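Reading through the structure tokens given below for one structure.
Every read-out reported here was derived from the displayed coordinates using simple, explicitly stated rules and does not represent laboratory data. Note that the structure is a prediction, hence the values are computed from the model and not measured. Neighbour counts run over all protein chains shown; Cβ positions are idealised from the backbone, glycine included.
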Amino acid sequence: MKYLEPIPFKDGETVPFLGESITIFHSHSFQGDIHREGDKLIVAGPKVSLSKTIHDWYRRESGAEITRRVKKKSKMLDRTYGRLTIRDTKSRWGSCSSKGNLNFSWRIVMAPPYALDYLVAHEVAHLVEMNHSMRFWSIVESLFDEFQRGRLWLRQNGHELHRYGVEPPMKEGRESE
Ligand SMILES: [Zn+2]
């Protein structure tokens with residue numbers, strides 16, 4: 001896979017959220033707040049905590065978007081799930097354990113909603129079928145009929161989401177001399 005330049009969370013940077021582009025605005029006017037206004041993500045507080053505040057916001061939003069979908073889709077299958085955890089995973093977007101615990105990468109909330117819907121449908125379908133059989137895929141389809149579109153998007157573009165919120169590697173030596 002080719003190396004993609006990291007895109008840190010900083011003032012003026014454009015980042016994806018549910019498939020849309022939003023621009024980070026660092027506001028000095030009030031403290032400790034972060035909120036989205038249309039295509040702007042307005043972040044207050046000291047500059048040093050900007051990146052962490054944005055990471056936390058993504059995790060919260062991701063948790064909310066994923067939980068809502070997991071609840072709806074597990075209900076459709078009349079299944080219960082165990083723990084739902086939002087992580088920063090590198091290798092997988094999501095997983096379902098044999099105990100029915102679900103894990104998701106917070107980064108999936110950057111993807112278009114249909115990719116998020118596909119991923120949740122995939123993991124929730126594992127509550128019924130712990131394999132990738134024909135029956136498994138028919139369950140995925142029953143939960144989200146555009147699953148192929150979401151699956152393709154993740155395959156083609158998923159790696160891009162790992163660029164965001166990552167600090168560029170430190171340069172050798174000092175920056176200004
Ligand atoms: Zn699977």
Taking every DSSP bridge whose two residues both lie in the chain, the antiparallel percent to the nearest 5 is 55 percent
Using a simple spin-label model with points 7 Å from Cα along the Cα→Cβ vector, what separation in nm is obtained for Ala64 and Arg92? 2.8 nm
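Any idea what the alpha-carbon Rg over 2.2 N^0.38 Å comes to for the chain? Each step should come with its number before you reach the end.
Working: Rg = 18.2 Å, N = 177, 2.2 N^0.38 = 15.7 Å.
Expressed relative to 2.2 N^0.38 Å, the Cα Rg reads 1.16.
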Once amide hydrogens are built 1.01 Å from N within the peptide plane, the residues lying 5 or more places from Phe17 or on another chain with amide H under 5 Å from its amide H are Ile22
Cβ density ranking, 10 Å radius, fewest first, applied to Arg59, Arg69, Arg135 yields Arg135, Arg59, Arg69
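Given Cβ point charges of +1 (Lys, Arg) and -1 (Asp, Glu) and nothing else, what value in debye, to the nearest 20, does the dipole of the chain about its Cα centre take?
Numbers: 28 positive and 23 negative charges, 150 e Å.
About 720 debye.
When the Kirkwood radius is taken over all Cα pairs of the range 1-81, what Stokes-Einstein diffusion coefficient follows at 20 °C and 1.002 mPa s, in µm²/s? Please report the intermediate quantities before stating the final value.
On the way: Rh = 14.5 Å.
Answer from the Stokes-Einstein relation: 148 µm²/s.
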For the chain, find the longest principal axis of its Cα atoms and tell me its angle to the long axis of helix 147-157, 0 to 90°, nearest 10. 30 degrees
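Taking R0 as 35 Å, what's the FRET efficiency between Leu4 and Arg79 from their Cβ-Cβ distance, rounded to 0.05? Walk me through the intermediate numbers first.
Details: r = 37 Å, r/R0 = 1.06.
The computed FRET efficiency comes out at 0.40.
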Using a/c under 1.5 as the rounded threshold, could you call the range 51-146 rounded, prolate or oblate? The axes a ≥ b ≥ c are square roots of the C-alpha gyration tensor eigenvalues, and prolate needs a/b larger than b/c, oblate otherwise. prolate
Expressed as an acute angle from 0 to 90° and rounded to the nearest 10, what is the orientation of the C-alpha long axis of helix 50-76 relative to the principal long axis of the chain? 10 degrees
Positive minus negative residues near Lys90 (Lys, Arg vs Asp, Glu; Cβ under 15 Å): +2
Within 10 Å, count the other beta carbons around each residue, average over each peptide in 82-91, 142-151, 121-130, and list them highest first. 121-130, 142-151, 82-91
